[in-house]
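As structure tokens, the structure follows; a few thoughts come after it.
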Amino acid sequence: MVGALAVFWGPAAHAADLARQIVGPISYVCGGVGEDEQQALKSESKDFDMGLLFTEGARGEYLSDVAITLSRNGVEVASFRSTGPRCLIKAPRATYQVVATYNGVDKHTTLRIGERNVHLNW
């Protein structure tokens, strides 16, 4: 019985953590802390237009809890906080300015439809 519970709660719990979120015209999913989440993100990536990866230091240790703001033509379109080192984003076709903030330090980048591996390192 314990094995059955472990099977039930293991992947199902991770899948629930990766629920798609909607902010204005943007939908996104963040995660990638463990192997299960990384596999779930990989399988969902075809449904998203863009992707961000957050790391820290020379060794590239994964980060979560990064504040993300997407703007288009100087107007904020969406703002959210990552729950893992990787965020997949689906958005209307455009070029977006991204400000990602971790521990009070901002990183700026431009994100275009089709760019799935934009890497920001603190």
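The values are calculated or read from the model by the stated rules, or taken from the named source; none is laboratory data. Since the structure is predicted, the reported quantities are computational estimates derived from the model, not experimental observations. Glycine also receives a Cβ, built like all others from the backbone with ideal geometry; neighbour counts cover every protein chain displayed.
Of the numbered conditions (1) more than 13 Å from the chain's Cα centre (by Cα); (2) outside any strand (DSSP E or B), Val33 satisfies every one except a single condition; which is it?
Here Val33 meets the rest and fails (1).
Sort out which residues of the stretch 92-113 are at pLDDT below 95 and under 22 Å from Leu18 (Cβ atoms), and write them in order of number.
Scanning the stretch 92-113 gives Leu111, Ile113.
Any residue in the stretch 86-98 that is closer than 12 Å to Val118 by Cα sitting within a Cβ distance under 7 Å of a residue that is assigned to a loop (DSSP other than H, G, I, E, B)? List the pairs, counting only those 6 or more apart or interchain.
Arg86/Gly32; Leu88/Phe48; Ile89/Phe48; Ile89/Asp49
Identify the residue in the stretch 94-108 that is over 14 Å from the mean Cα position of the chain (by Cα) and closer than 22 Å to Asp47 by Cβ and, among all such residues, is surrounded by the fewest Cβ atoms within 10 Å (Cβ to Cβ).
Checking each candidate, the answer is Thr95.
For every residue, the table says whether it meets (1) at negative phi; (2) surrounded by 14 or more Cβ atoms within 10 Å (Cβ to Cβ); (3) at pLDDT 90 or above; (4) assigned to a loop (DSSP other than H, G, I, E, B).
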site	(1), (2), (3), (4)
Ala13	yes, no, no, no
Ala16	yes, no, no, no
Ala19	yes, no, no, yes
Ser27	yes, yes, yes, no
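Within the stretch 80-102, restricting attention to residues that are in contact with a Gly (Cβ under 9 Å, 6 or more places away or on another chain) and small (Gly, Ala, Ser), which residue is farthest from Glu61 (Cα to Cα)?
Ser82
Taking the stretch 29-78 as the region of interest, how many residues are hydrophobic (A, V, I, L, M, F, W, C), buried (at least 17 other Cβ atoms within 10 Å of the Cβ) and closer than 15 Å to Leu120 by Cα?
9
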